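J.: Quick one: structure below, then a few questions.
The values are calculated or read from the model by the stated rules, or taken from the named source; none is laboratory data. As the structure is a prediction and not an experimental result, all values here were calculated from the model. Please note: Cβ atoms are built from the backbone with ideal geometry, for glycine as well, and neighbour counts cover all protein chains shown.
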């Protein structure tokens, strides 16, 4: 998933214009669900979120490399680290089932907060009148991930995860819908086929 976007940054020679919030916020929820997996000894949560965290790290390092203005990114990562430390310290105050419940609620809350990035992307696309900085490959991958997590949350009957994932799924679908209303400026959306707008601008 990140390779396509990294190649796009390489092609442009810069990641300027792309939002770092959409990269940092999902890391918060991944870390929280990873911690939840460790507490519950759930291999599915542990391994999948570990892989996603590794991918996120590659993503963030690549973004930092191609982003000429890194101050905001460094600030966001510092806040992320402090937030995770405080959350995990709080959860570790509890034991047994109560600890599991607290971490599950915290992870779901983090997942909902992680939607700040996608909502920000929606707002930016509407304001700009295009979806140039919302890679379709990422949206399609997120759609598959959301469907997978919805099935898993339903299977394990985790209502916290189900609510948070369903909300993310709805925003994901709305974002993909923007490709029809506000196509990208310089590229054609795979599968959907809308864009580019540049001919209209000329």
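Rundown of residues vs (1) within 22 Å of residue 113 (Cα to Cα); (2) exposed (fewer than 14 other Cβ atoms within 10 Å of the Cβ); (3) in contact with a strand residue (DSSP E or B) (Cβ under 6 Å, 6 or more places away or on another chain), yes/no style:
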{"residue": "15", "(1), (2), (3)": "no, no, no"}
{"residue": "20", "(1), (2), (3)": "yes, no, no"}
{"residue": "37", "(1), (2), (3)": "yes, no, no"}
{"residue": "47", "(1), (2), (3)": "no, yes, no"}
{"residue": "67", "(1), (2), (3)": "no, no, no"}
{"residue": "82", "(1), (2), (3)": "yes, yes, no"}
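J.: When you check residue 125 against the structure, is it closer than 30 Å to residue 42 by Cα, touching a helix residue (DSSP H, G or I) at 6+ places or on another chain (Cβ under 7 Å), crowded, with 20+ Cβ neighbours inside 10 Å and at pLDDT 90 or above, yes or no?
T.: no
J.: Something else about it: Can you find a residue that is surrounded by 14 or more Cβ atoms within 10 Å (Cβ to Cβ) and assigned to a helix (DSSP H, G or I) anywhere in region 187-197?
T.: No: region 187-197 contains no residue that is surrounded by 14 or more Cβ atoms within 10 Å (Cβ to Cβ) and assigned to a helix (DSSP H, G or I).
J.: Answer yes or no as to whether residue 131 is closer than 20 Å to residue 145 by Cβ and at pLDDT 90 or above.
T.: For residue 131, the condition - closer than 20 Å to residue 145 by Cβ and at pLDDT 90 or above - is met.
J.: Also: Can residue 86 be described as under 19 Å from residue 18 (Cβ atoms) and either in contact with a helix residue (DSSP H, G or I) (Cβ under 6 Å, 6 or more places away or on another chain) or surrounded by fewer than 13 Cβ atoms within 10 Å (Cβ to Cβ) (or both)?
T.: no
J.: Same structure again: Pull up region 89-103, narrow it to residues that are assigned to a helix (DSSP H, G or I) and free of Cβ contacts under 8 Å to residues at least 12 places away in the same chain, then point me to the one that is surrounded by the most Cβ atoms within 10 Å (Cβ to Cβ).
T.: 101
J.: What's the number of the only condition in (1) touching a helix residue (DSSP H, G or I) at 6+ places or on another chain (Cβ under 8 Å); (2) closer than 26 Å to residue 3 by Cα; (3) modelled with pLDDT of 90 or more that residue 113 fails to meet?
T.: Every condition holds for residue 113 apart from (3).
J.: Just to be sure before I move on: is residue 71 touching a residue at least 60 places away in the same chain (Cβ under 8 Å) and over 15 Å from the mean Cα position of the chain (by Cα) in the structure I sent?
T.: Here the answer is no, as residue 71 does not meet what is asked.
Each row is one residue, and each column tells you yes or no for (1) modelled with pLDDT under 90; (2) within 14 Å of the chain's Cα centre (by Cα).
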{"position": "138", "(1), (2)": "yes, yes"}
{"position": "143", "(1), (2)": "no, yes"}
{"position": "150", "(1), (2)": "no, no"}
{"position": "163", "(1), (2)": "no, no"}
{"position": "169", "(1), (2)": "no, yes"}
{"position": "174", "(1), (2)": "no, no"}
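J.: Does region 49-63 contain at least one residue that is in contact (Cβ under 8 Å) with a residue 60 or more places away in the chain, touching a helix residue (DSSP H, G or I) at 6+ places or on another chain (Cβ under 9 Å) and crowded, with 18+ Cβ neighbours inside 10 Å?
T.: Checked against the condition, which is being in contact (Cβ under 8 Å) with a residue 60 or more places away in the chain, touching a helix residue (DSSP H, G or I) at 6+ places or on another chain (Cβ under 9 Å) and crowded, with 18+ Cβ neighbours inside 10 Å, region 49-63 yields at least one hit.
J.: Can you tell me which residues in region 124-136 are over 18 Å from the mean Cα position of the chain (by Cα) and in contact (Cβ under 8 Å) with a residue 12 or more places away in the chain?
T.: 126, 128, 129, 130
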